[in-house]
1. Can you tell me which residues in the stretch 55-100 are of a type outside the set (D, E, K, R) and under 14 Å from Leu264 (Cα atoms)?
2. Just for helices (runs of 4 or more DSSP H) wholly inside the stretch 207-271: which have at least 2 residues that are polar (S, T, N, Q) and loosely packed, with under 12 Cβ neighbours inside 10 Å?
3. Kindly evaluate Gln73 against the criterion of being within 18 Å of the chain's Cα centre (by Cα) and either closer than 17 Å to Val147 by Cβ or surrounded by fewer than 18 Cβ atoms within 10 Å (Cβ to Cβ) (or both).
4. Pro54 passes all but one of (1) at pLDDT below 95; (2) over 22 Å from the mean Cα position of the chain (by Cα); which number fails?
5. Residues in the stretch 216-228: is at least one among the β-branched types (Val, Ile, Thr) and under 16 Å from the mean Cα position of the chain (by Cα)?
6. Just checking, which of Ile136, Ile148 is farther than 13 Å from Ile17 by Cβ, in contact with a helix residue (DSSP H, G or I) (Cβ under 9 Å, 6 or more places away or on another chain) and touching a residue at least 12 places away in the same chain (Cβ under 8 Å)?
7. Counting only residues that are surrounded by fewer than 17 Cβ atoms within 10 Å (Cβ to Cβ) and within 18 Å of Ala95 (Cα to Cα), which one in the stretch 158-187 is nearest to the chain's Cα centre (by Cα)?
Amino acid sequence: MSKRIAFIGGGNMASAIISGLIKQGLPTDLIDVVEPFAEARDKLQASFGITAHPQAGAFLLDAALVVWAVKPQTFKQAALAVAPHVLGGLHLSVAAGIPSNSIAAWMGSERIVRAMPNTPALIGQGITGLFARASITPNDKAFVEQVIATTGESLWLETEDQLDVVTALSGSGPAYVFYFMEAMAMAGTEMGLNREQALQLAVATFAGASALAKASSEPPQVLRQRVTSKGGTTFAAISSMEDNDVRALFIDAMYAARERAKELGDEYGAA
């Protein structure tokens, strides 16, 4: 890792990537961040020893990659301020919903990769969906993969609209897991455990089940069936969820997330 990388926005996702890059050996003097909020700049500089700037400037001309880690509603404003300083460079966007056509129009560059990471990237265990525009070269792809590898796994998608599905599935997915953890821990306390015991059991159960699913060659359906003896306790729980259409409601929720991702693109991605 020896190429200069600039980040537009210095929030959690930018911090996750920056942390991974430094661990992989990228010198801190090759990392720049444009972050308008002084408190966030101070935190970045204290945490990583990097240079954080209040606004875009000529220093961006040397960036081999510009990583867009801004909120969708502020992307266009930030892009128009940055565009004069990057001159057709390589861009990696982790902003939900904003289509690459809009980014290309704002930046005057076709070298754009869109990414949808998730928050486990903060501990190097994320999963990121990637989509490359036609102008992205194999070398560009390899560079992006190297950067994203600092946060966990990644996979390339064939069409850009699949990123909305990734947003609904894995981008928002950690919140679904935490939601079920909350429910399991709440039920545990209602049935007699203390809060710490119930939460420990819930978190460890998700971690263990995820590790088992990843290590197994069998699909989740088969793994579930192996735990579900007819007439047993798990059977009673699954039957209750099926009777209440929990699966259908959960699938509906993911469709709602995908639709919101599309809406964000329509709302904030107008070129």
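The values are calculated or read from the model by the stated rules, or taken from the named source; none is laboratory data. A quick note: this is a predicted structure, and the numbers were derived from the prediction, not measured. Positions of Cβ are backbone-derived with ideal geometry, glycine not excepted, and every protein chain shown enters the neighbour counts.
1. Val70, Pro72, Gln73, Thr74, Phe75, Val94, Ala95, Ala96, Gly97, Ile98, Pro99, Ser100
2. Here the list reads 233-243.
3. Spelling it out, Gln73 is indeed within 18 Å of the chain's Cα centre (by Cα) and either closer than 17 Å to Val147 by Cβ or surrounded by fewer than 18 Cβ atoms within 10 Å (Cβ to Cβ) (or both).
4. Only one criterion is unmet by Pro54, namely (1).
5. No, the stretch 216-228 contains no residue that is among the β-branched types (Val, Ile, Thr) and under 16 Å from the mean Cα position of the chain (by Cα).
6. Ile136
7. Taking the candidates together, the pick is Pro174.
A quick yes/no check of all residues on (1) outside any helix (DSSP H, G or I); (2) modelled with pLDDT of 95 or more:
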site: Trp106; (1), (2): no, no
site: Val113; (1), (2): yes, yes
site: Leu122; (1), (2): no, no
site: Leu130; (1), (2): yes, yes
site: Ala142; (1), (2): no, yes
site: Ser170; (1), (2): no, yes
site: Tyr179; (1), (2): no, yes
site: Ala187; (1), (2): no, yes
